[in-house]
Structure formats: structure tokens, C-alpha cells
Amino acid sequence: MLATEPLVAQAAQGGAGEPLSAIDWLSDSVSLPSPVITPPPVAPPAAPVPPVTVLPLGAPVADDAGLFLAREIDLPADLWGGSSANDLARAFLAVPEISTPTLRDFYASLAQAKFEPPVDAAVDNSLFLARLDTLLSLARLTEAEALIQAAGPPQPQSFRRTFDIALLNGTENAACEIISTNPDISPTFPARIFCLARNGEWDVAALTLGTAEALGILSDTEDQLLLHFLDPELFEDEELLPRPSSLSPLLFRLYEAIGERPATDSLPIAFAVADLSETVGWRVRLRAAERLTAAGALPPEELLAVISTRRPSASGGIWSRVSAIQSLRAALSGKNAVQISRSLPPAWDAAVSAGYHAALAPWIASRLQGVKLERQAHHTAFEIALFSNDIDMARKYAGSSQDDQSLLAILTGAPFEMRNATPLDIAIRRSLSGLPPPESYRMLLRDNRSGEALLKAIAVLAEGVEADPTALANALSLLKALELDGLARRVAAELLLENSQI
């Protein structure tokens with residue numbers, strides 16, 4: 001099944017307007033150290049004074065922003081109800097790596113959709129920042145950037161994310177121009193030095209580096225990389241410190257600039273975007289395109305464009321996958337049913353092994369219309385239909401086995417039997433039978449906290465077949481209670497497919 005990168009977000013306490021959490025590879029571009037000012041002693045008030053927040057009339061609220069209306073993902077605009085921004089942000093960032101592609105895409109959509117803001121969104125933007133960090137952790141850089149733009153003029157906390165996106169996309173010159181013309185953005189010293197150099201102000205960059213060193217605000221790694229970046233000839237024989245386990249996009253670009261470009265395979269999935277550049281080797285681009293397509297962050301057409309660049313000169317591993325996909329694409333172009341039937345199973349197996357089968361399925365399904373497949377390709381076509389949510393195609397190619405018939409029944413809403421049922425089978429059947437969710441979910445629904453309940457269910461379902469079957473059943477029941485029946489059925493079917501492939 002799909003192998004997405006884990007979400008590397010850790011919740012941390014924060015005040016209103018401060019990031020509730022941050023993905024550890026974000027560059028922290030705009031968090032300047034604040035001076036500590038000791039206030040003069042004052043007499044305690046006679047009675048507790050409630051906090052008063054003063055905002056200008058019509059002040060923009062970041063969580064007003066969204067890329068599409070909530071109803072487009074079958075949710076009400078008032079989903080957040082009476083929940084606080086802080087609680088919703090924590091719930092967003094508590095979702096672990098998601099194994100099922102349909103749920104992962106829904107989770108990404110939830111971060112992008114336009115809902116009525118939480119009750120305290122005017123004084124706490126932690127939900128908005130959590131939405132951005134969710135998209136960044138899923139490598140949805142384009143969507144994250146669009147959401148930032150939809151929220152209005154750049155703010156320091158959101159520009160921090162904009163700067164990271166630009167570094168990963170290779171558009172840092174534009175981001176540095178914003179820094180040079182907008183003093184309110186106030187980047188950190190490493191970002192400021194980097195941008196001064198990119199803008200050709202090398203002397204000012206060196207002077208700023210000296211100031212930062214004198215203040216002692218640079219890490220050893222930042223200091224040595226900036227020194228090598230500003231004067232590579234002077235420091236070229238100096239051995240670099242061991243590379244830190246966690247890299248920010250800024251450190252990544254600095255290593256690249258001095259000729260020590262890190263491999264991205266062990267970095268968060270968003271770093272793979274940097275490997276799509278035509279300046280890197282074909283194998284690196286292929287692996288990046290595979291990872292991003294598997295994560296739902298790259299359209300399959302773009303993966304296929306990279307795959308079709310040339311013929312592989314070796315075999316095994318990624319080259320065997322490339323050959324299999326190229327053979328299928330050639331067969332589909334020729335509309336030869338025999339060749340399609342022969343090339344479809346190995347190409348699908350290749351896609352499954354790399355995790356991008358769910359993204360590729362609709363592309364394949366649309367090209368199988370009108371093709372009379374031979375028997376050997378029927379089961380593969382059935383799985384493709386399941387991941388494409390193409391019910392007619394699924395009916396056409398479903399086998400007589402109990403597994404095929406059960407999966408078809410789940411997607412169509414028909415009753416089904418399960419002989420020799422596993423605990424997961426029983427849990428899924430129970431959840432889809434219409435039983436209400438347990439009290440823990442119903443309590444949240446009664447308290448007008450449906451959004452929190454939904455995010456809690458997503459966190460359970462994200463664990464896939466490793467989760468407790470009862471917890472999975474309860475989470476699926478919650479989806480149905482929120483009238484997300486289609487989502488519940490597709491996730492259930494993908495869980496069963498995942499379980500069958502372990």
C-alpha cells in the first residue's frame with residue numbers, strides 16, 4: 001500500500017498568535033529573538049481582571065481563507081463549531097502518517113477548505129498555521145502557498161512558510177526580494193545573510209554575518225555554512241562539521257551552494273520537490289517523482305513525463321518499474337488489447353511497489369474504456385477500478401471470490417457476508433451497518449465540536465491496519481454519522497486491500 005512520509009510535527013504550547021507547532025524542517029525564518037524587558041513592580045489588582053483584546057474593525061482573520069468551499073468535500077461550513085483554534089490545531093497535528101490514499105487526500109482537502117473560523121480565530125491563528133504545516137508535511141507546497149496568498153498580505157509567521165516553499169521550489173530570489181522590500185517581515189540572520197548574498201550585496205552579507213557571530217545567535221552549522229557560502233575559496237580546505245540529522249530548506253540550499261547537496265530520500269517528503277529540477281540526474285528525478293506521486297503531491301501526468309524521458313539502461317529496482325510503466329503506456333497508446341492485458345499486471349505491481357498506484361489508477365482506468373481485456377488482467381483491472389472509484393468498471397471485472405465480492409459490496413453499499421472473517425473484516429462490517437459512533441464521539445458532536453471529532457477519527461484511521469479494529473470501526477462510524485458515507489466506504493475498502501497485501 002501507499003507509503004507516505006511521516007508527519008514530523010510536534011505539538012508545543014504557544015500563546016495566541018504564536019505557532020502552536022512547527023514542522024522541524026521549517027527554517028524559522030522570521031523568529032527573531034526578543035529582548036527580555038522586566039516590567040516595573042505594580043500593586044496587585046483588587047479583583048481578577050479579565051483579559052481584553054482590542055482589534056481594529058474589519059481586521060483580517062487568517063482562517064477565513066480557503067481554496068474551495070466546505071460543501072465541495074461534503075462538509076458544513078460551521079464544522080469547527082465551538083472549538084477553539086488551539087484545540088483544532090492540536091487535533092490537526094496529532095494525525096500521524098496516513099496509509100490509505102483516499103483518507104490522506106481528504107485530510108489535505110480539510111486543511112485547504114474554507115470553513116467559518118473558530119470562535120477565537122481573531123486572536124489566535126494557530127489553526128491557520130497548523131493547516132499550513134499539514135500541507136507542507138504532505139508536500140502540498142502549491143496549495144500551501146495559495147492558502148497563504150488567500151489569507152491576505154504576508155505576515156511574519158506565514159512568510160516563514162513562504163520562504164521555505166521558495167527555497168524548495170528554487171524560487172528563492174523572489175522571496176529574497178520580498179524580504180528586501182518589506183522590513184516588517186524581519187527574517188533571521190541566516191535568512192537575511194543568504195538573501196543579501198543572493199541579491200549581490202556580498203560585503204553587507206559578510207558584515208551581517210560578523211554581527212551575528214558577535215551576538216552568538218548562529219549555530220555552529222549555520223556559521224560554517226555561511227562562511228563557506230560567502231567565501232568558498234578561503235574555506236574550501238576546511239572540513240565541514242558532521243551534517244545535522246534535521247535540515248531546514250535554508251541549510252539544504254546552503255549545502256547545495258557549496259557543492260555538498262544532500263540526498264533527499266531520508267528527508268521529509270517536501271524536500272523531494274527540489275529534486276524535480278532538470279539540473280539533477282534522471283534517477284534522482286525519477287525517485288522524487290515517484291515519492292511525490294505516492295504522496296498525492298504530484299499529478300500522475302508529471303510522473304509519466306519524467307518516466308518517458310528516456311529508456312532505462314539498467315534493470316532491477318526503479319529501472320524495472322520504469323520499463324513496466326513505459327510498456328503499459330505504449331500498449332495503451334496502441335489500443336492493442338493483447339499487449340495491454342500482458343503489460344497491465346506488471347505495470348500495476350510496479351506502481352504498487354513504489355506506492356503511487358492510487359494516483360495512477362484513474363489515469364489507467366480512463367484509458368481502459370472500450371478495451372476488451374483478457375482474463376489474466378481482470379483482477380488487476382478490478383483493483384484499478386477500486387482505487388479509481390469506478391463502480392461500473394469494478395462490477396465488470398470483479399471476480400467470484402469472496403474478497404472481490406465483499407469489496408464491491410462495500411463500495412456500492414450492498415449487504416455482504418464474510419466467511420472466515422478477520423477482526424478487521426468484522427469491524428468494517430459493523431461500522432458500515434449503521435451503528436452509531438461510541439459515546440466519546442457523540443459527546444463531541446453534542447458539544448458542537450464536530451471538527452474535533454472528525455480529526456480524532458482521521459488520526460485513528462491513519463494508523464491503518466495497525467490500529468485496534470474496534471477503534472477503526474468507531475472512527476468509520478463517526479464518518480457515517482457526519483454523512484461522509486462515500487469516504488467511509490472507500491477508506492474501508494482500502495484498509496481491506498492494505499490488509500491483504502501485508
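The values are calculated or read from the model by the stated rules, or taken from the named source; none is laboratory data. As the structure is a computational prediction, the values presented were derived from the model and not from experiment. Virtual Cβ from ideal backbone geometry, glycine too; neighbours counted across all protein chains shown. We work out accessible area using only protein heavy atoms, side chains counted, and drop any ligands, DNA or RNA first. Shrake-Rupley method; radii C 1.70, N 1.55, O 1.52, S 1.80 Å.
Overview of values
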{"item": "Dipole of the chain, positive end: most advanced residue of 263, 217, 206 [Cβ charges, Cα centre]", "result": "263"}
{"item": "Probe 1.4 Å, accessible area per residue of the chain, Å²", "result": "46"}
{"item": "At R0 = 41 Å, FRET efficiency that the Cβ-Cβ distance of residue 282 and residue 435 yields, to 0.05", "result": "0.20"}
{"item": "Lys/Arg +1, Asp/Glu -1 at C-beta; the stretch 279-435 dipole; positive extreme among 381, 391, 428", "result": "381"}
{"item": "Ordering of 296-309, 377-390, 203-216 by packing [mean C-beta count within 10 Å, highest first]", "result": "377-390, 296-309, 203-216"}
{"item": "Cut-off 16 Å (backbone N to label point 7 Å along Cα→Cβ of residue 308), residues of the stretch 324-357", "result": "324-336"}
{"item": "Given charges at Cβ of Lys, Arg, Asp, Glu: the chain dipole, positive-most of 91, 445, 252", "result": "445"}
{"item": "Computed FRET value (nearest 0.05) for residue 402 with residue 353, which takes r as the C-beta separation and R₀ as 30 Å", "result": "0.70"}
{"item": "In the stretch 410-502, trypsin sites (Lys or Arg not before Pro) in a DSSP loop with at most 10 other beta-carbon atoms within 10 Å", "result": "419"}
{"item": "Loop-resident sites, the stretch 284-323, for trypsin sites (Lys or Arg not before Pro), counting at most 15 other Cβ within 10 Å (DSSP)", "result": "310"}
{"item": "Average projected area [Cα convex hull, the stretch 419-502], square nanometres", "result": "5.2"}
{"item": "Full-stretch length increase - residue 77, residue 266 - with 0.36 nm per residue and alpha-carbon distance subtracted", "result": "64.2 nm"}
{"item": "Hypothetical label at residue 213: residues of the stretch 161-196 whose amide nitrogen lies under 19 Å (7 Å Cα-Cβ projection)", "result": "189-196"}
{"item": "Size of charge dipole - the chain - debye, nearest 20, with Cβ of Lys, Arg +1 and Asp, Glu -1, no other charges", "result": "2300"}
{"item": "Magnitude of the charge dipole, the stretch 102-208, Cβ model with Lys/Arg +1 and Asp/Glu -1, debye to 20", "result": "180"}
{"item": "Computed lengthening from residue 203 to residue 371, 0.36 nm per intervening residue step minus Cα-Cα distance", "result": "53.9 nm"}
{"item": "Cα-only radius of gyration and Dmax that characterise the stretch 137-225, units Å", "result": "13.9, 40"}
